[in-house]
Every structure is written in structure tokens, then in C-alpha cells.
Amino acid sequence: MTVMTSTNTNAALTLRKVNKSFGEAHIIRGVDLELRTGERHAFIGPNGAGKSTLFHLISGQFKPSSGEIFLGDIPIGAVSPERINRMGLARSFQITNIFSKLSVFENLRLGVMQRFGMQYTLWRPISGYRKVNELTEQLMEQVRLSRHRDTLGGELSYSEQRSLEIGMTLASDPKVLLLDEPMAGMSREETDYTADLLRELSAGRSLMIVEHDMDVVFSLCDRISVLVYGQVVATGTPEEIRNNAQVQEAYLGSEVSA
Ligand SMILES: Nc1ncnc2c1ncn2[C@@H]1O[C@H](COP(=O)(O)OP(=O)(O)OP(=O)(O)O)[C@@H](O)[C@H]1O
Ligand SMILES: [Mg+2]
């Protein structure tokens, strides 16, 4: 297990002794973790290990039972998800989360409007929309969906829907980006495409990603943490994780033989 330095001021996100229980079930058990500024950090671990729960804790959907979470230097353990989002942290969910009856442009514009705290109303001055429309166009370009501008969300291919969802997540221009299995259910080709997209989109941000595809994890990420039964059993570079006997036993071994 890698020892964490306690005085790293360079951390985008820090978890200290974080615990989460649901009744008697102790799901997250003493997690210490640091997301360094600018790094791409993967979370791997068996089904039910607590990866999504950890994301819910970081993004404020769940409150820790004990321990503390810092965004930069600011404790966010008791802060609402909306506020955490405005502070510069955005996340996607494991389930696709877009408006199927709205166009690509409209979906992204909703995200951008939310960033400025704008409601979807008709009486806004048009000048306010100009900036929003501009940013929406940029975002659409970034997630490579400009040619699908007027396509309804529900009519996009599955992987394009995930791109749109990533775009929605990026609409708040977050410093810290949390993605929960963005490649789930994708073909090899779609997975590689999305990994490439994420490499591009995460530039200048700090990324935390839950992903089961080991090719993606090992090629995309600077560091990897392994979560088993709610505990981080190892954190390290892809090389270190690959060679970690405990990890191989706890996770990679079973992945390989599966
Ligand atoms: N709201 C809740 N109430 C009670 N138990 C919960 C709740 N949310 C999650 N759990 C439990 O916590 C454990 C961890 O679930 P979690 O979804 O975080 O795992 P995961 O690592 O994301 O798994 P997967 O790889 O399948 O997505 C599971 O046993 C789950 O049943
Ligand atoms: Mg999960």
C-alpha cells in the first residue's frame, strides 16, 4: 500500500479516513486518497467494492459517516452537490443521463445555462443567450458532436449518447471531473474512441474515472487506486499496480481468469 503524504498542497481532491455505512453495512472503510492536480486517476475493483458510493460521497450525493473530503483546501463533506458542482467538481453517473427528446444542442445548452444559474425561461434578454449559445457550440465541438447538432438525444448511437453525457458533465467547466464507467457497454472500437476523447477533454483538469476495461485504465491513467470491500488496497502507477501481488490476487487475477 502506497503511503500518502499529508502535506501535499498540490492535491485537487483529498479524502481522509472516509467511512460510509448504510445501517449495519459498512461500505466505505477508512479511505485515504489524493487526486493530484492535473492527473488522471482510475478506480478499479470488483463489483460492489464501493466505487460508485465513493463518487457519491465526493460529489455530495451521500454524506460521509465519518472522515473528511477536501476540494483543494476546502472541506466539502457537508456541502450540497449543487454547491460542490459550482465549486468546480462535476461527475457523470453510471447510467446514461441525457434528455432523449431534446436535441444535442439543447441538451448541452441546458448544461451551460445551469452553469450560469439560468432557468429555462423565455423572457431572458437575448444578449444573455448569445454567450450561452457560443459556449454551447464550443462544447459541442469539443465532444465531437457538431454534426449531430439537431439530432435528438434519444436518436444518437449509444456511444454518442455517452459523449453527449460527458459534454453535459463538462458544461460547468469543472476543474475536477469524475466519470463512472463512461465506456460501459461499448464495443472495443467505441471504447478506444472514447478513451481518446477523454484524453483530450481531461487536459487541464484532474480526472477520476471508474472503469473496468484494463486496457483503458492502464493506457489512459497516471495512477490507479484499487478498491476492495470499501478499502483502498493499493495506489500507484500502472506499472506498480500491474506488479502488485496483492492487487493481482484481489482483483486482476480474477479479471484475467474471468
Ligand atoms: N443507498 C444504499 N443503501 C444501502 N446499500 C448501498 C447503497 N448504495 C450502495 N450500497 C451497497 O454498497 C455496496 C457498494 O456499491 P457500489 O455501487 O458503490 O459498488 P461499485 O464498486 O460501484 O460496483 P459496480 O462495479 O458494480 O458498479 C454494494 O454492496 C451496494 O449494495
Ligand atoms: Mg459502480
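In this structure the amide hydrogen of Val232, modeled in the peptide plane, comes within under 5 Å of the amide hydrogens of Asp32, none closer than 5 places in sequence on its chain. Summary of the geometry: segment 195-216 and segment 69-117, compared by the centres of their Cα atoms, lie 18 Å apart. List every residue whose amide H lies under 5 Å from the amide H of Leu178, counting only residues 5 or more places away in sequence or on a different chain, with H placed 1.01 Å from N in the peptide plane. Sorted by chain and number, the residues that satisfy this are Ala90, Arg91, Ser92, Met208. For the chain, what class follows from the C-alpha gyration tensor (a ≥ b ≥ c being the square roots of its eigenvalues): rounded when a/c is under 1.5, otherwise prolate if a/b is larger than b/c, else oblate? In terms of gyration-tensor shape, prolate.
A cut-off under 13 angstrom between Cβ atoms defines the neighbours of Ser100, and their net charge, with Lys, Arg +1 and Asp, Glu -1, is -3. The residues packed around Val18, meaning those with a beta-carbon under 11 Å from its beta-carbon, carry a net charge of +3 if Lys and Arg are +1 and Asp and Glu are -1. The overall shape of segment 39-185 is oblate: from the C-alpha gyration tensor, with semi-axes ordered a ≥ b ≥ c, the ratio a/c is 1.5 or greater and a/b is no larger than b/c. Whole-Hz Karplus values for segment 197-203 come out as 4, 5, 4, 5, 6, 8, 4 Hz, taken residue by residue from phi with 6.51 cos²θ - 1.76 cosθ + 1.60 and θ = phi - 60°; glycine and proline positions read x. Close amide H partners of Ser103, meaning residues 5 or more places away or on another chain with modelled amide H under 5 Å apart, are Gly153. The 3J(HN,Hα) values that the Karplus relation (6.51, -1.76, 1.60; θ = phi - 60°) gives for segment 42-58 are, in residue order, 9, 10, 10, x, x, 4, x, 5, x, 5, 5, 4, 4, 5, 4, 5, 5 Hz. Gly and Pro appear as x.
Peptides 162-171, 69-78 ordered by packing proxy, namely the average of other Cβ atoms within 10 Å per residue, highest first: 162-171, 69-78.
Couplings for segment 155-161, taken from phi via the Karplus curve 6.51 cos²θ - 1.76 cosθ + 1.60 with θ = phi - 60°, read 9, 6, 5, 4, 6, 5, 4 Hz in order; Gly and Pro are left as x. Here each label is just a point 7 Å from Cα along the line to Cβ, and for Tyr129 and Ser65 those points are 5.0 nm apart.
None of the figures in this text is laboratory data; all of them are computed from the coordinates on show. Just so you know, these numbers come straight off a predicted model, no measurement behind them. Neighbour counts run over all protein chains shown; Cβ positions are idealised from the backbone, glycine included.
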